[in-house]
Structure formats: C-alpha cells, structure tokens
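First up is the structure itself, then whatever we jot down about it.
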Amino acid sequence: MSCAGIIAEYDPFHNGHFLHLRATAQRAPDGVVVVLGGNFTQRGGAALLGKRYRAEAALRGGADLVLELPLPFALAGAQTFARGGVEVLHALGCVDMLSFGSECGNTELLRQAARAVDGENTQFYIRRELGTGKPYAAAREAAVRSLYGDAVADVLHAPNNILGVEYIRACHTLAPEMQFMTVARRGVAHDAQSPAGTFASASFLREQIQKGETVSSFLPPFSEAILQRALQNGDAPASIEKLEVAVLAFLRKCTPQDFQNTPDISEGLEHRILKAARTARTLSELFQAAKTKRYSHARIRRAVLSAFLGIENRHLQDGVPYLRVLGLSERGKQILHSARKTARVPIVLRASDIGRLSESAQQLFALECAATDVYALCKPRVGACGSEMTDNVVRF
C-alpha cells in the first residue's frame, strides 16, 4: 500500500487547503492520511473549530484517514510539531510520501535548506548569532546565509518553507525512506491580513469569523456548511480568551519551579512570564509584557498554555505511544485494515482501547481528556466534561 501523508491544522479548512489536498490525492494511489492537530494549536491558542469538525472537513476534502497529532506535539514549535507529525505517519507503516505546502514550491531547494541547517558548522554560527541577541529563527537564517548563500537562506524566511524544512529534517531521522511533495502556496502569505481572490490565510479567516463576518467565498461549500453547523451548535468560534481570568489566576499562583519541566521554557523565560502575570489584566497584556526580541509572542503563548494544561517535557520525550483515529472514509477503512499489520504502535478507535495500552499511553490520553474538558470552556456554548470518552470517529 502506497499512501501520502499530510500534517495539518485546517483551522478552518479553506480553499488553499482544498487545492493542496486534491493535488496530493492525485499522487497517492492508495489514499491520503492526514495527521490533524487537536483542540489546541501550534500558535498557542484554542482551535476555532473542534478537531472532529475539522476531521470531517478533511474527509470531505479528499482525505481518507485522519489521525490525531498528540497534544504535546500539536502545541509546540515548528521542529517539535514536525517531528510529532512525521512520527505518527511513520508509525502507521504504509505512508511513503509526505506532502506539504510551501512558499517556494521547490522540493530540492527545501532539501538543501534542511541539509544546511544540519550542516557541520551551522550550530556554531547559530550560537554566534544568538549571542548578538537575535531570536533563534533569525539567528539560524543568518547562519545559513553566511555558510550557504542567499538562495538557501531565503527559504528560511517564510513560515511554510520553515515547516517544510522541519518535515524533511524529521524524516531524515525518523523515516529516511520517505519521499516528498510540495505544492506552492497560492494567493496569500501564511499570516496575510487581506485576501487575494478566493484565497485567504487561516489567521485572516479566524479573525473574520470571530467578528461574525461571512467568509463563505474563501471556503469550499462543504467546509462552509460544517462551519455554519458548528456556529449554530454553539461550538464555534472557540477562543482562549474565554479562559483569560483562569489562566492569569493560575500564573499568579505559580513559582518558577512550576515551569521547570514545561516545554519552550529556557533562559529564564519563566521569570518574565510570572513577572508579567503580576500586573497583566488580560492575556494580551501578559504576552506583550513578556515578549522580547528573543522570545516571540507564539513561543510565550505556547509556554503559558502548556503550563496551564499540564504538558511536560516527558510527554514529548516518550514519543507517540498510539495512533488515535479521528475520522475515516470507506477507503480509509482499507488503509486501517492494512495498517493493523504494519503499524509500529497500537491503533486506537475507541477510548476504551486505551485501557489495554502502556502506562505512558494512558497518561497521554488522560492529558488529552483533561485538555478537551478545558477546551469545552472555550466555546460559546460551554460544554460538559467527558466528551473525549464519548465522541465517535467521524465516518464519511
């Protein structure tokens, strides 16, 4: 069996995602597997739409099997996010091509950038650039520019390119046999705040949906229908701002030691966060006060939310202990049947399956359950606890 894999958030699933998924499906004779970030996202916030709404959109858009990216990897920076996604695809045992969007649309250039980042002298140059006060991403780009020239370094300036480079790097370590396919991003940049034709960035769309604006021209009809259903059900738009007081109260009770095992914490960042929490009245004020040239907004948001949700470094070190199925099509059933013979870790269709797994798997699932219960408070219509135990696999 020869499947293609995609690692995504689809928050929401827009025309650009649809274009990429269709292009990938044309190159995948046995189907497309999507690894989907859950209810909390890489940007350090709550997903606008819950993971099962987004899993349905992926299936209707052409995916055949949707697996969940475990929370500690979904709520992480590009390198760890990519590693988790690649680990899930590799663990399935039947995915031999990874497909992703990029600004450059050039697989070979992305490979060169990945090799440059892992080059023998690159780390020395990165440390030198960090010593000038640059944030890591800028230091890495400057180091690669010094060693490998402008063409390769320019790749590291765009967010989708950067994620593509991290996918390739992760595959070099975890799945060296993996092939790559990239589709050039069309219309708008990753965080563009204005649309181009029928294409708009996910961040622009989230902002418009939060304001109650119509975004139907930027979504495939099935995705628009799913969004409207979520809005009518009071399940969207979810927002971390609804937890603002709870998060600030949590931080005001914390000590630096409470952040000792939290991902994304280093070089005294916990002290900046806790100092900001003593005076901040909103999360926006907190993030702005803690931000420096070295620490980006996104990193601070991820660190704060990771601490609040109880994510620790050990959850990342343990790797992916199981594959959680969020949704599948008829062809997805065939993929799953084949994967039961090839999968490197257990496949989970029902919450009850977890009880038969390892202690680390049960601890991860307990973390997911607790996070989903918190996410229920982020929705317009506050939900009850326990949905992780009762929600069914989405079938299409």
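The values are calculated or read from the model by the stated rules, or taken from the named source; none is laboratory data. Here the structure is a predicted model, which means the values were calculated and not measured. FYI the Cβ positions are ideal-geometry reconstructions off the backbone, even for glycines, and counts take in every protein chain you see. Keep in mind that these areas ignore ligands, DNA and RNA; they rest on the heavy atoms of the full protein, side chains included. Shrake-Rupley method; radii C 1.70, N 1.55, O 1.52, S 1.80 Å.
Brief remarks follow.
- Checked against the criteria, ARG301 does not count as under 26 Å from GLY61 (Cα atoms) and either out of contact with any Phe, Trp or Tyr (no Cβ under 6 Å at 6 or more places or on another chain) or touching a residue at least 24 places away in the same chain (Cβ under 8 Å) (or both).
- Which listed residue is among the hydrophobic types (A, V, I, L, M, F, W, C), closer than 23 Å to ARG43 by Cβ and out of contact with any Leu (no Cβ under 7 Å at 6 or more places or on another chain), from ALA139, ALA170, ALA153: ALA170
- Checked against (1) open to solvent by 40 Å² or more (accessible area, probe 1.4 Å); (2) in contact with a Phe, Trp or Tyr (Cβ under 9 Å, 6 or more places away or on another chain); (3) modelled with pLDDT of 95 or more, GLU267 passes all but condition (3).
- The lone exception for GLU87 - which of (1) surrounded by fewer than 24 Cβ atoms within 10 Å (Cβ to Cβ); (2) within 23 Å of ARG206 (Cβ to Cβ) it fails: (2)
- Inside region 331-373, residues that are aliphatic (A, V, I, L, M) and buried (at least 20 other Cβ atoms within 10 Å of the Cβ) make up a count of 8.
- Hits in region 57-67 - residues which are crowded, with 24+ Cβ neighbours inside 10 Å and in contact with a Lys or Arg (Cβ under 9 Å, 6 or more places away or on another chain): ASP64, LEU65, VAL66, LEU67
- Test: residue in region 150-158 that is touching a His at 6+ places or on another chain (Cβ under 8 Å), open to solvent by less than 30 Å² (accessible area, probe 1.4 Å) and free of Cβ contacts under 8 Å to residues at least 60 places away in the same chain: yes
- In region 1-29, the residues that are touching a Cys at 6+ places or on another chain (Cβ under 6 Å) and modelled with pLDDT under 95: MET1
- Selection count, region 201-217, where residues are open to solvent by 60 Å² or more (accessible area, probe 1.4 Å) and under 24 Å from the mean Cα position of the chain (by Cα): 3
- Long-range neighbours under 8 Å by Cβ, at least six apart or interchain, first residue within 18 Å of VAL86 (Cβ to Cβ) and assigned to a helix (DSSP H, G or I) within region 333-345, second acidic (Asp, Glu) and open to solvent by less than 60 Å² (accessible area, probe 1.4 Å): ILE335/ASP30; ILE335/ASP64
Conditions tested, residue by residue: (1) in contact with a helix residue (DSSP H, G or I) (Cβ under 7 Å, 6 or more places away or on another chain); (2) in a helix (DSSP H, G or I); (3) modelled with pLDDT of 95 or more.
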position	(1), (2), (3)
ALA113	yes, yes, yes
ALA116	yes, yes, yes
ALA139	yes, yes, no
PRO176	no, no, yes
ARG206	no, yes, yes
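- Test result for GLY310, within 22 Å of the chain's Cα centre (by Cα), modelled with pLDDT of 95 or more and buried (at least 21 other Cβ atoms within 10 Å of the Cβ): no
- Of all residues in region 118-147, those satisfying the criterion of being open to solvent by less than 40 Å² (accessible area, probe 1.4 Å) and of a type in the set (D, E, K, R) are GLU129, ARG140, GLU141.
Residues checked against (1) farther than 17 Å from ARG83 by Cα; (2) in contact (Cβ under 8 Å) with a residue 12 or more places away in the chain; (3) in contact with a Leu (Cβ under 9 Å, 6 or more places away or on another chain); (4) buried (at least 23 other Cβ atoms within 10 Å of the Cβ):
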{"residue": "MET1", "(1), (2), (3), (4)": "yes, yes, no, no"}
{"residue": "ILE7", "(1), (2), (3), (4)": "no, yes, yes, yes"}
{"residue": "TYR10", "(1), (2), (3), (4)": "yes, yes, yes, yes"}
{"residue": "LEU21", "(1), (2), (3), (4)": "yes, yes, no, yes"}
{"residue": "THR24", "(1), (2), (3), (4)": "yes, yes, no, yes"}
{"residue": "VAL35", "(1), (2), (3), (4)": "no, yes, yes, yes"}
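- Scanning region 102-111 for residues that are part of a helix (DSSP H, G or I) and either open to solvent by 10 Å² or more (accessible area, probe 1.4 Å) or free of Cβ contacts under 8 Å to residues at least 12 places away in the same chain (or both) yields a count of 4.
- Here LYS51 passes the criteria (1) closer than 26 Å to ALA371 by Cα; (2) surrounded by fewer than 23 Cβ atoms within 10 Å (Cβ to Cβ); (3) basic (Lys, Arg) except the one numbered (2).
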